[in-house]
Amino acid sequence: VYLHGDLIYGDTMLREFLRATVSSTASIDLLTAFGPVDDEAMKVRVEASGRLIESRKGIPVNDAQGEWTGIAAVHRPVIVFAQMERHLMLAGLSDYDTAAFTSLVLSGEEVRCLPSAGEPWKEIDTIADWESAQLEFETA
């Protein structure tokens, strides 16, 4: 399981995602929030089958089908992490991991985007994000 460290999400989302990946034949499955996105989102374009075409922030919002959440199930770690390392060494260490996912697709590997099914999650980049997450995820 590959997780970004700046996320908050419910245990149901992760549990259901992992259950959906058990019999996956993809090199990596990306948990994806399908639907409208904003400019800052790590956007995805996918085939009708859910196979990734590309993922990057620069996809125009009208062309994106959703946003990668920062959660993935890696099924072929040697291939996936070698490609990520190759990509980051060639493109620069500050490039996004999703660019490496796109290069995986271009090399013939299967990358699937699985839906988050509307489960709540949030990326925490700012104090405002943190305050919003506290309100959204507070328990009674």
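Summary of computed values
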item: Number of positions in the stretch 2-35 that are among the hydroxyl-bearing types (S, T, Y), part of a strand (DSSP E or B) and open to solvent by less than 20 Å² (accessible area, probe 1.4 Å); result: 1
item: Whichever residue in the stretch 98-131 is charged (D, E, K, R) and within 23 Å of P36 (Cβ to Cβ) and, among such residues, is modelled with the lowest pLDDT; result: E119
item: Filter result for R45 (assigned to a strand (DSSP E or B), farther than 23 Å from S132 by Cβ and touching a Gly at 6+ places or on another chain (Cβ under 8 Å)); result: no
item: Residue tally, condition in contact with a Ser or Thr (Cβ under 9 Å, 6 or more places away or on another chain) and of a type outside the set (A, V, I, L, M, F, W, C), over the stretch 83-96; result: 4
item: Single residue of the stretch 61-82 satisfying the filter (touching a Ser or Thr at 6+ places or on another chain (Cβ under 6 Å) and outside any strand (DSSP E or B)) that is least open to solvent (accessible area, probe 1.4 Å); result: V80
item: Options D97, D38: the member that is closer than 26 Å to T12 by Cβ and open to solvent by less than 50 Å² (accessible area, probe 1.4 Å); result: D97
item: So E136, is it farther than 22 Å from S49 by Cβ, open to solvent by 70 Å² or more (accessible area, probe 1.4 Å), in a helix (DSSP H, G or I) and touching a strand residue (DSSP E or B) at 6+ places or on another chain (Cβ under 7 Å); result: yes
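The values are calculated or read from the model by the stated rules, or taken from the named source; none is laboratory data. Note that the structure is a prediction, hence the values are computed from the model and not measured. Neighbour counts are summed over all protein chains in view; Cβ atoms, including those assigned to glycine, are modelled from backbone coordinates with ideal geometry. Surface accessibility is based on the protein's heavy atoms, side chains included, excluding ligands, DNA and RNA. Shrake-Rupley method; radii C 1.70, N 1.55, O 1.52, S 1.80 Å.
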